[in-house]
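The block underneath contains the structure these notes are about, expressed in structure tokens.
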Amino acid sequence: MRRTILLLILSQISLVHFGQIIADHTVVDKFDDIPAEYIAKVKKMLFVIAGESHAGAYTGGLELMEALDPKFNMNRSSYPDAPYSDQYLRVASTMWGDYEHSTGWIGHYGEEDWFTNATAISRTKAGLAYCNSHGYPMSVFGFAWCYDAEAGLNSTGIDPVYGVHWYGNSIGSPEGDIEWGIDAGDYALTGNSVSMDSYISATQAYNDYCAANNIPTKVFFATGPVDSYAGQEISYQAYLKWEHLRDYVAAHPTAILFDYADILCYDNNGTPGTTTWNGHTYPHITATNYGTGSEAHIGEPGILRIGKALWWMFARIAGWDGN
């Protein structure tokens, strides 16, 4: 009996330790610890990042990693159908189909294509299946947030729990492009069936779809921009949305999170960036990571941090235990 209990405990520890992957500011410096074996495995991968302008930080970060150290070499292609290679990480930023197109390579992927409506979810699943069945299955796939969680008009009422108006874009929502909150309970304030839970549900659905259909693609969750609206309500409510997502991932032992926001809220020396709104102090991008804001809305130091954390995440997905 005690042996059975011990094995059960060990299996649960293993699941949490090796299953859940959270790439945040604490892993940025660990890229240099990746064993050669797992660097080689990452070079067999195809990484596809769907998004808009902020997605450039992902692809740009990987390019800066290669410039930093040639062993982290990559090849950026316009489409995921580039020939297979085990000599470099393949990177693309287009997807097959979107909300408005059932077929064709699409290089602009917004909230309307990922989570705000049933058509988007159906077509993203179809894109995953298309890439897999045509011989270029994506190894790692994710959505790069733009200002979708914080732009737009604010809700008419104040949330009684969080004390904020809600903001956000929701193109493709049944209710139109209006603000959105954290969960279904915020419909009373926003009039929008879309919420942060819509993104979570859609992203989880893509992982479940891949598992059910033997598609070897890992779909990761991601937080988004922290490069605008410092010290304003719109920025604080976005932080609350990212916190809600982090809570979801923390409760799911096989989830993968790329914490884009957290990575940018710390400098290389560990100094955090913060701002304050209405008595609430919360994380914000550091001045160093923001730079001139001219590349994917941030600067090269921040983009390089993104690239370092991506390599760490890829290696973990490839099977590295992080030690």
Would you pick out the residues in the stretch 69-95 that are touching a helix residue (DSSP H, G or I) at 6+ places or on another chain (Cβ under 7 Å) and not aromatic (F, W, Y)? K71, N73, M74, R76, P80, L89, V91, S93, M95
Over the stretch 116-145, the set of residues under 14 Å from A205 (Cα atoms), hydrophobic (A, V, I, L, M, F, W, C) and outside any strand (DSSP E or B) is A118, A120, I121, A126, L128, A129
I'm trying to understand the selection: among the residues of the stretch 160-181, which are under 21 Å from Y236 (Cα atoms) and either buried (at least 21 other Cβ atoms within 10 Å of the Cβ) or charged (D, E, K, R) (or both)? V164, W166, Y167, G168, N169, S170, D177, E179, W180, G181
Would you confirm, using the coordinates I've provided, whether G110 is surrounded by fewer than 20 Cβ atoms within 10 Å (Cβ to Cβ) and either out of contact with any Pro (no Cβ under 9 Å at 6 or more places or on another chain) or among the hydroxyl-bearing types (S, T, Y) (or both)? no
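Is at least one residue of the stretch 58-75 part of a loop (DSSP other than H, G, I, E, B) and more than 21 Å from the chain's Cα centre (by Cα)? Spell out how you get there, then give the answer.
From the stretch 58-75, those part of a loop (DSSP other than H, G, I, E, B) are 69, 73; that's our starting set.
Filter once more, so that each one left must be more than 21 Å from the chain's Cα centre (by Cα): 69, 73.
Checked the stretch 58-75: at least one residue is part of a loop (DSSP other than H, G, I, E, B) and more than 21 Å from the chain's Cα centre (by Cα).
Is there a residue in the stretch 203-221 that is closer than 23 Å to P160 by Cα and among the aliphatic types (A, V, I, L, M)? Don't jump to the end; show me each part of the working.
Applying the first criterion (closer than 23 Å to P160 by Cα) to the stretch 203-221 yields none.
Checking the stretch 203-221: not a single residue is closer than 23 Å to P160 by Cα and among the aliphatic types (A, V, I, L, M).
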When the stretch 273-296 is checked residue by residue, the ones that are part of a loop (DSSP other than H, G, I, E, B), in contact with an Asp or Glu (Cβ under 7 Å, 6 or more places away or on another chain) and buried (at least 20 other Cβ atoms within 10 Å of the Cβ) are I285, T286
Within the stretch 182-197, the residues that are at negative phi and either at pLDDT below 95 or surrounded by fewer than 23 Cβ atoms within 10 Å (Cβ to Cβ) (or both) are I182, D183, A184, G185, Y187, A188, L189, S193, D197
May I ask you to list pairs of residues, at least six apart or on different chains, whose Cβ atoms are under 7 Å apart, with the first in the stretch 6-34 being at pLDDT 95 or above and the second being assigned to a loop (DSSP other than H, G, I, E, B)? Q20/P253; Q20/T254; Q20/A255; I22/D259; A23/D259; D24/D259; H25/C265; I34/W320
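The values are calculated or read from the model by the stated rules, or taken from the named source; none is laboratory data. Predicted model only: the values in this text are computed from it and were never measured. Positions of Cβ are generated from backbone atoms using ideal geometry, with glycine treated the same way; all protein chains shown enter the neighbour counts.
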